[in-house]
1. Scan the range 106-120 for residues that are open to solvent by less than 40 Å² (accessible area, probe 1.4 Å) and closer than 18 Å to Leu64 by Cβ and jot them down.
2. Pairs please, first residue from the range 261-277 and in contact (Cβ under 8 Å) with a residue 24 or more places away in the chain and within 17 Å of Asn239 (Cα to Cα), second anywhere and surrounded by fewer than 19 Cβ atoms within 10 Å (Cβ to Cβ) and polar (S, T, N, Q), Cβ atoms under 6 Å, 6+ apart in sequence or on different chains.
3. Can you go through Leu141, Leu190, Leu156 and tell me which one is outside any loop (DSSP other than H, G, I, E, B), without any contact (Cβ under 8 Å) to a residue 24 or more places away in the chain and either of a type in the set (Gly, Ala, Ser) or at negative phi (or both)?
4. Could you list, in sequence order, all residues of the range 165-187 that are among the hydrophobic types (A, V, I, L, M, F, W, C), assigned to a helix (DSSP H, G or I) and either touching a Leu at 6+ places or on another chain (Cβ under 7 Å) or buried (at least 17 other Cβ atoms within 10 Å of the Cβ) (or both)?
5. Do we find a residue being closer than 30 Å to Asn247 by Cβ and surrounded by 15 or more Cβ atoms within 10 Å (Cβ to Cβ) anywhere in the range 154-164?
6. Take the residues of the range 386-425 that are closer than 24 Å to Arg301 by Cβ and among the β-branched types (Val, Ile, Thr): which is most open to solvent (accessible area, probe 1.4 Å)?
7. When you look at Gln161, is it in contact (Cβ under 8 Å) with a residue 12 or more places away in the chain and either outside any loop (DSSP other than H, G, I, E, B) or more than 30 Å from Glu40 (Cβ to Cβ) (or both), yes or no?
Amino acid sequence: MERAHDASKLDCHLDERKLSSSSLEGKDPMPSDFWDHLKEQLSAVPPDFSCALELLKEIKEILLSLLLPRQSRLRNEIEEALDMDFLHQQADRGDLNVSYLSKYILNMMVLLCAPVRDEAVQRLESISDPVRLLRGIFQVLGQMKMDMVNYTIQSLQPQLQEHSIQFERAQFQERLNKEPTLLNHTTKWLTQAATQLIAPSACCSDTLDSSSSAGPSPSDVAVPEPLSPAMVLSQGFLNLLTWDPENEEFPETLVADRTRLQELESQQNQLTILASVLLVASSFSGSVLFSSPQFVDKLKRITKSLVEDFNSRSVPEEVMQIVSDQVTQEIHQSLKTMGLAALSSENTVSLVGQLQNIAKKENCVRSVIAQRIHLFLKCCFVLGVQRSLLDLPGGLTLIEAELAELGQKFVSLTHHNQQVFAPYYTEILKTLISPAQTLTTKVGSL
């Protein structure tokens, strides 16, 4: 079940590993000794073609692996042009034309490569040295092979996803048949989420009642938004990003995703600290510095490298002490470089103090940023990542790219989980939400 679950996540990894025209540039699958030896063999009198033949054999196999089943004509052409028995006979006679074969291979690469590889193949056409050319061909073919793997996985993704959903659900149902209480923690998790959504309305009513002996008028009381499966599930999923590690009542339907959720929690916490630091720093250094992309990027790099240890260190104050020192130093240096007025001693002390206070969970800036990231993720769950990025809350615009990555991972994980366990969530939510609401918004359609 876990293997099927991991396979269903391949689409996330594809986004992170998409190959660009230079993604493997400089990566040589063969050791340099091999190419030195090949050069010696081809330069010998008479030439020795043993290494060249082995290389041509491997190149032929790669070319054939790039073909689709329907490309039988090209398959036959490659088999004929790179017939290894015939090439061995030419080598034995000493008239194996390596340059001619290299040109043929290049022409075939032009036909088979993805558009992203066109430039790399064109560069090879200008190489006259036979060994350098073969080395370049082998490198680019390696990239083309990875392109084909990438394409194959993408084309299989819908079937793989559907199979994973059905398989995971069947496996869970089999366990549920043996353990009727298997959904107890899941039920408690969703119940707590629903209670959290209802509780704020109750608190507001209590406040209004205590402040007026006559009681509030109907127009003064905000009508609470009716609960929906989407609201409860989004609240439940967000609660998992602040889960108490000592709480062993983790929802059964998300056990396979627990490690991923912990990684998302760590990433969310780091972004909270990063955005808090940037917000405090911008309030002291002014708009001129923060209108410079180079300055912002450098400040982000400095902070990111330091807050990576924030979750693991027992003393967050130590981390923020280093962050405050380096950020303040960078601001001073940048102001000086740009010919702007330096921070006064009083402002410097205040800046350092506010940055160090971010170490405290109850810090005002940190709390506000955490709430806004929480709201962003809730919007991602309901509206999708791209729409949520269109109207980012204040203080988050400088980490837009990082938020997009976090939101995409969160949506991918929760969407797959919903697809697998929709029938179980629907049954549980029927007891928490009025029947009319449950019928109008099915869990599986979110």
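The values are calculated or read from the model by the stated rules, or taken from the named source; none is laboratory data. In this text, all values refer to a predicted model and were calculated from it rather than measured experimentally. Backbone-built Cβ (ideal geometry, glycine too); neighbour counts: all protein chains shown. Heads up: the accessible areas ignore ligands, DNA and RNA and are worked out on the full protein's heavy atoms, side chains in. Shrake-Rupley method; radii C 1.70, N 1.55, O 1.52, S 1.80 Å.
1. Leu106, Met108, Met109, Leu112, Cys113, Ala114, Arg117 - these are the residues of the range 106-120 that are open to solvent by less than 40 Å² (accessible area, probe 1.4 Å) and closer than 18 Å to Leu64 by Cβ.
2. Every condition considered, the pairs that remain are Ser266/Asn311; Asn269/Asn311.
3. Every option except Leu156 fails the conditions.
4. The answer is Ile165, Phe167, Phe172, Leu176.
5. Checked the range 154-164: at least one residue is closer than 30 Å to Asn247 by Cβ and surrounded by 15 or more Cβ atoms within 10 Å (Cβ to Cβ).
6. Thr397
7. Yes.
Quick grid of which residues meet (1) more than 25 Å from Val232 (Cα to Cα); (2) acidic (Asp, Glu); (3) touching a Cys at 6+ places or on another chain (Cβ under 6 Å):
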{"site": "Pro158", "(1), (2), (3)": "yes, no, no"}
{"site": "Glu168", "(1), (2), (3)": "no, yes, no"}
{"site": "Gln173", "(1), (2), (3)": "no, no, no"}
{"site": "Leu176", "(1), (2), (3)": "no, no, no"}
{"site": "Pro180", "(1), (2), (3)": "no, no, no"}
{"site": "Asn184", "(1), (2), (3)": "no, no, no"}
{"site": "Gln192", "(1), (2), (3)": "no, no, no"}
